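Student: Please see the structure below; I have some questions.
The values are calculated or read from the model by the stated rules, or taken from the named source; none is laboratory data. Note that this is a predicted model, so its numbers are computed, not measured. All Cβ positions, glycine included, derive from the backbone under ideal geometry; neighbour counts span all protein chains shown. Just so you know, the surface numbers come from the protein's heavy atoms only, side chains and all, with ligands and any DNA or RNA stripped out. Shrake-Rupley method; radii C 1.70, N 1.55, O 1.52, S 1.80 Å.
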Amino acid sequence: MKILGIESSCDETAVGIVCDDAPRILAHALASQENAHRPYGGVVPEIAARAHLAKIDDLVRQALAEASLTLADIDGIAATCGPGLIGGVMVGAMMGKAMAAVTEKPFIAVNHLEAHGLSIRLSEDVPFPYLLLLISGGHCQLLWVKGVGAYELLGASLDDAVGECFDKSAKLLGLGYPGGVLIEKAAKEGNPNAIPLPRPLIGRKGCDFSFSGLKTAVRLAVEAQEKPLTSSFIADMAASLEQTIAAILQDRAENALSLLETRGDKPAALVAAGGVAANLAIRQALTSCAARHKLPFLAPPPALCTDNGLMIAWAGLERLRLGLSDPLDTRARPRWPLAPKQLGEFPDE
Ligand code: KG4
Ligand code: ZN
């Protein structure tokens, strides 16, 4: 089975092609919009939607050429239908639907969060169930993954997403956009114990997260400095922030693993996914957390942690092989929770 997947929910336009036999990855085409958004210090939705439209055709052609396939060889077309910046989501979803309509192949409407969550199964043979820490620019959640489409939300951020905390702090430090990677780079030169930062919710029960107080603490520390900021302050703050975030994620994952143990649930692994899972310090902190529970820690290779078309294609493949596909009138959605925490929370639009 060969599936083509389209991603356009944020600032990467991407097309991937996967198949269910090794080597699984047949093509990986991606155009980042970093340069278009850099002057604004963050993603501008209107610019993103136009840039997706400008690039999407070429990327589909590029992916098919890389895989030496034609559309006739593809068994299904998957596209992100949400959650995300709606203008961009509509571009990719329309492209996917049009291709499915023309070729009369099944269309799979992929939830971007589900795609992050299943992406580990593209690179590793990990069975269900597993504990997933989904850490990206827009989300921070702990999910109990029982199977395709079967997710239980154990905890989520009460305010900002973890990637947002990296991105806003990078902006305050004058490191620019995209923030997480630049913080990781700057942190290499800094002392992680130099600046004490608050660790919201650490040591408290439950699996929820909070990052807004941490972000405010970074802002206050930056404001208290003489300008321009010295490179040693920037490096020390980057290292301190990275270590603090790693400790928060570790503490919350620890609580989730203990909760699963109490319930008698046995995860195959602790899995991290989403752009922030590319961070090495965070991967190391989660590795030791998993080891304490005698579990492997798994995360996709860094290039597949951030948004890409392969994860959309893979989620499409996982769904289609279970017989799941979607009608061509499926809507693009700005919000699309994987698993509401309790009834009435996160109403869909
Ligand atoms: O999954 P993703 O590409 O897009 C969303 O679905 O949000 O995640 C993007 C987020 C951004 O906040 C970015 O700063 C963060 O992932 N990120 C990182 C690293 N690479 C990307 N954060 C920390 N360290 C990194 N190396
Ligand atoms: Zn993402």
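Student: Once amide H atoms are built 1.01 Å from N in the peptide plane, which residues 5 or more positions from residue 82, or in another chain, come under 5 Å H to H?
Tutor: 112, 333
Student: Based on alpha-carbon positions alone, could you give the equivalent ellipsoid semi-axes of region 1-100 from the gyration tensor, as √(5λ), descending, whole Å?
Tutor: Largest first, region 1-100 gives 25, 13, 11 Å.
Student: Most mobile of 25, 120, 183 per a Gaussian network model of the chain (Cα springs, under 10 Å)?
Tutor: Greatest mean-square fluctuation among the candidates belongs to 25.
Student: Within 10 Å, at most 10 other Cβ atoms, and a DSSP state outside H, G, I, E, B define an exposed site. Report the longest part of the chain free of exposed trypsin sites (Lys or Arg not before Pro).
Tutor: Longest stretch, sites excluded: 1-204.
Student: Using the Cα centre of region 1-81 as the reference point, and only Cβ charges (+1 on K/R, -1 on D/E), how large is the resulting charge dipole? Debye, rounded to the nearest 20.
Tutor: It works out to roughly 160 debye.
Student: Using amide H atoms built in the peptide plane, which far-off residues or other-chain residues are under 5 Å from residue 157 H to H?
Tutor: 140, 209
Student: To continue, here is another question. Pairs to check: 171/227; 215/266; 55/215. Give those whose C-alpha atoms are more than 23 Å from each other in this structure.
Tutor: Values: 171/227 15 Å; 215/266 35 Å; 55/215 34 Å.
Over 23 Å Cα-Cα: 215/266; 55/215.
Student: Related question: Can you work out the Karplus-derived ³J(HN,Hα) for every residue in region 272-285? Use 6.51 cos²θ - 1.76 cosθ + 1.60 with θ = phi - 60°, whole Hz, and x for glycine or proline.
Tutor: My calculation for region 272-285 gives 10, 8, x, x, 5, 5, 6, 6, 5, 4, 5, 4, 5, 4 Hz in order.
Student: Now for a separate question. Considering only DSSP beta bridges with both partners in the chain, what is the antiparallel share in %, to the nearest 5?
Tutor: Antiparallel bridges make up about 60 percent of those DSSP assigns within the chain.
Student: Report ³J(HN,Hα) in whole Hz for each residue of region 25-41, in order, from the Karplus equation J = 6.51 cos²θ - 1.76 cosθ + 1.60 where θ = phi - 60°; Gly and Pro get x.
Tutor: 8, 9, 7, 9, 10, 8, 10, 7, 9, 3, 5, 5, 9, 3, x, 9, x
Student: Right, something else. Just the number, please: carbon plus sulfur as a percent of the accessible area of region 3-77, 1.4 Å probe, no ligands or DNA/RNA counted.
Tutor: Numbers: 1780 of 3380 Å².
Ligands and nucleic acids excluded, carbon and sulfur give 53 percent.
Student: I've got another one for you. Long-range amide H contacts for residue 298: which residues qualify at under 5 Å (H placed 1.01 Å from N, peptide plane, sequence gap of 5 or more or a different chain)?
Tutor: Under 5 Å from the amide H of residue 298 lie the amide H atoms of 270, 271, 272, each far enough along the sequence or on another chain.
Student: In nm, give the distance between the simple-model label positions of residue 335 and residue 65, each being 7 Å from the Cα along the Cα-to-Cβ direction.
Tutor: If labels sit at residue 335 and residue 65, their model points lie 4.2 nm apart.
Student: Let me ask something else about it. With a 1.4 Å probe and every protein chain left in place, work out the accessible area per residue of region 1-53 in Å², rounded to a whole number.
Tutor: Result: 42 Å² per residue.
Student: While we're here: Starting from one equal scatterer on each C-alpha and no solvent at all, send me the Debye-based log10 I(q)/I(0) for the chain at q = 0.07, 0.10, 0.14 Å⁻¹, two decimals.
Tutor: -0.29, -0.59, -1.13
Student: In a solvent-free Debye calculation with one equal scatterer on each Cα, what is log10 I(q)/I(0) for region 204-349 at q = 0.12, 0.13, 0.14, 0.19 Å⁻¹, listed in the order of the q values?
Tutor: -0.75, -0.87, -0.98, -1.33
Student: Could you please tell me the mean projected area of the C-alpha convex hull for region 141-206, averaged over all directions and given in square nanometres to one decimal?
Tutor: Mean projected area for region 141-206: 6.6 nm², to one decimal.
Student: Now, a different point. Filter the GluC sites (Glu not before Pro) in region 192-297 to those in DSSP coil with at most 10 other Cβ atoms within 10 Å of their Cβ, and list the result.
Tutor: On the way: sites: 223, 226, 242, 254, 261; in loops: 226.
Of the GluC sites (Glu not before Pro), the ones in loops of region 192-297 whose Cβ has at most 10 other Cβ atoms within 10 Å are 226.
Student: May I ask for log10 I(q)/I(0) of region 104-239 at q = 0.10, 0.20 Å⁻¹, from a Debye sum over the Cα atoms as equal point scatterers with solvent left out?
Tutor: Values returned for q = 0.10, 0.20 Å⁻¹ are -0.44, -1.16.
Student: Taking θ as phi - 60°, what are the ³J(HN,Hα) couplings along region 174-191 by the Karplus curve (6.51, -1.76, 1.60), each to the nearest whole Hz, with x for Gly and Pro?
Tutor: Rounded to whole hertz, the list is x, 7, x, 10, x, x, x, 4, 5, 5, 4, 5, 5, 4, 4, 8, x, 9.
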